[in-house]
Structure formats: C-alpha cells, structure tokens
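Structure record follows, encoded as structure tokens.
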Amino acid sequence: MQKRILLGMLTPSSNTSLEPVTSAIVSELPGVSAHFSRFTVTEISLKEQALGQFDDTKILEAAKLLADARVDVIGWSGTSSGWRGFEKDEQLCRRITEVTGIPATTSILALNEVLEKTGVQELGIVSPYLKEVQEKIIANYAQSGIKIVAERHLNIHVNFEFSEVTEEQLHTMILEVAKHKPSAITTYCTNLKAAQLASRVETETGIAFYDTTSTVVWKALQMAGFDTRQVKGWGSLFDKIT
C-alpha cells in the first residue's frame, strides 16, 4: 500500500480562501491530502493587538493538534513575517519541530527560497494590506537585497474581507504591476483567491507568478518527498522549480 502524504496547514481563523485553494492544488495528487488547524487572526495592522495575534504560544497549540493527525509536514500558511521580520518564521519553524517532532515551513520562507533559487532581484507585490504594512514588507525585502519595483495594495485591515476581493480585481492589480517588468510577481496574502491565476498571468505577461498559498504547498510537498512537477495547472512554481 502506498504511504499517504498528509500536509498540515496552520490557518488564520478568519481565512476562508486558503483551505479550498490548498485542497484544490493537491486534489489530483495520489495519496496526498491537506489538513488544517486554526488560531485567532482577525486583523492585519501594525497595532499591538494585531501583532500579538501571531504569538508563538497560540500557534504552537494549533500545531500540536495537527501533530495528532500524524501529518508529515506542518506549514504556516500565512504572511505575517513579511512585516514582522523573516526571522520570526525561522524561529516558529524551529519551535514547531521542537514541540511536535515534525518538520515545518511557512509561506514566506518558501517564497523567499523560490526567489533565491530563481535569482529574483526585482519583485512586484500585490496585497490587500494597509499602506504601512505594505511599506514594512517592502523594507524587509530591501534589507534582503530584493527591490520591490512595483506594488499594489487595497488598504484593508479586516482579515475576513481579504477573501471578498474578486479574482478580476486581483487580475487587474497584477497586470498593473506587470507593466513595470519585475522578474517575478507575488500575491502576498493567503486569504486571496489568486493562486488559480498563475498560469493565466504567466501566459499573458511572461513573468513568473508566485502566490503565497501556493508557495507553502510547494515546499511542504517537497519536504514530504513528493515530486512537485506532478502538480499541473498552478504555474511555473510547481512545473519548473525543484
């Protein structure tokens, strides 16, 4: 009997997009399934209470529940280290593994690995976030040697509302960013319905497109020993990057 591959995903409580998207990505992969555990996240801002939602203690409790399901990998399907600092995700992954014995990754660590592997130095970002959150993200990438040459954001802070941004709104924003010819474009939020736009955007623009819900699935599959080239229809992330 073929061993199942079980992917565990940590999910913001008010997120309604990442679960169906993640499940859709793996739906045709033999023996692969995705499983989810939530912790409270309702607001994205730089306010103290909003930043406090990402306290490791709460996330670790959710990770322990995934460990009960004997998942092969635990992924944080979220982008908070983009404005809090990438080292926050590195620390979180270490703590998850210490507590559960299960290897861990995140949307942003996976995205940053992809950018490094593909030599991206000029990036375009599309997000639903507030201006000050977007500016923090841009500053963190600048410190890592990646220039954000174009960005679009919607100035929303209520996490649930991110999922109500339409596919066509996102498509328009992505094409606006593409006019500035970045080496790659990322949709930077896991509560957007954007991952399914990858092949369309790459065909229209010739620019690599990396959605942050997709990046954590890509890395989790690799960590579980699965050949991500078997994932079809979700863009060059899965087709070309190993």
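Read-outs throughout are calculated quantities, based only on the coordinates presented, and are distinct from any laboratory measurement. This one's a predicted model, so the numbers in the text were calculated from it and none came from an experiment. A quick note on method: Cβ atoms are made from the backbone with ideal geometry, for glycine too, and the neighbour counts reach across all protein chains shown.
Just a few scattered comments:
- In the elastic network of the chain, a GNM with C-alpha springs shorter than 10 Å, the most mobile of Glu48, Glu168, Glu135 is Glu48.
- Cα-based radius of gyration of the chain once divided by 2.2 N^0.38 Å, which approximates compact folds: 0.93
- FRET efficiency for the Lys181 to Thr242 pair, using the beta carbon distance and R₀ = 22 Å, is estimated at 0.25.
- Backbone HN-Hα couplings from phi across the stretch 233-239 [Karplus 6.51/-1.76/1.60, Hz, Gly and Pro as x]: x, 10, x, 5, 3, 8, 5
- Prolate/oblate/rounded label for the stretch 93-210 (Cα gyration tensor, a/c 1.5): prolate
- Backbone geometry of the stretch 4-21 corresponds, through the Karplus equation with coefficients 6.51, -1.76 and 1.60 at θ = phi - 60°, to 3J(HN,Hα) couplings of 6, 10, 10, 9, x, 10, 7, 10, x, 4, 9, 7, 10, 9, 5, 5, x, 5 Hz, x marking Gly and Pro.
- Bridges between two residues of the chain, per DSSP, are antiparallel at a rate of about 5%.
- Within the same chain, lysines fewer than 8 places from Lys179 are excluded, and of the rest, those with a Cα less than 19 Å from its Cα are Lys147.
- In this rough spin-label picture, where each label sits 7 Å from Cα along the Cβ direction, the Leu46-Glu161 distance is 1.9 nm.
- The alpha-carbon of Lys64 sits under 25 angstrom from the alpha-carbons of these lysines, leaving out residues fewer than 8 places away in its chain: Lys3, Lys88, Lys219.
- What the phi angles of the stretch 139-153 give under the Karplus curve with 6.51, -1.76 and 1.60, with θ = phi - 60°, is a coupling list of 5, 5, 5, 4, 5, 8, x, 10, 8, 8, 8, 7, 8, 9, 9 Hz, glycine and proline written as x.
- 18 Å Cα-Cα reach of Lys131 towards aspartates and glutamates, excluding residues that sit fewer than 8 places from it in its own chain: Glu43, Glu48, Glu151, Glu161, Glu176
- Backbone amide hydrogens, once placed in the peptide plane, bring Phe39 within less than 5 Å of Thr11, Ser13, excluding anything fewer than 5 places away on its chain.
- Close amide H partners of Gly75, meaning residues 5 or more places away or on another chain with modelled amide H under 5 Å apart, are Gly8, Met9, Leu10, Thr105.
- Between Lys147 and Glu98, the modelled label-to-label distance comes to 3.9 nm, taking each label 7 Å out from Cα in the direction of the beta carbon.
- Dividing the helix sum by the residues of the chain, where each DSSP H run of 4 or more adds -39500 (n - 2.57), gives a mean residue ellipticity at 222 nm of -13000 deg cm²/dmol.
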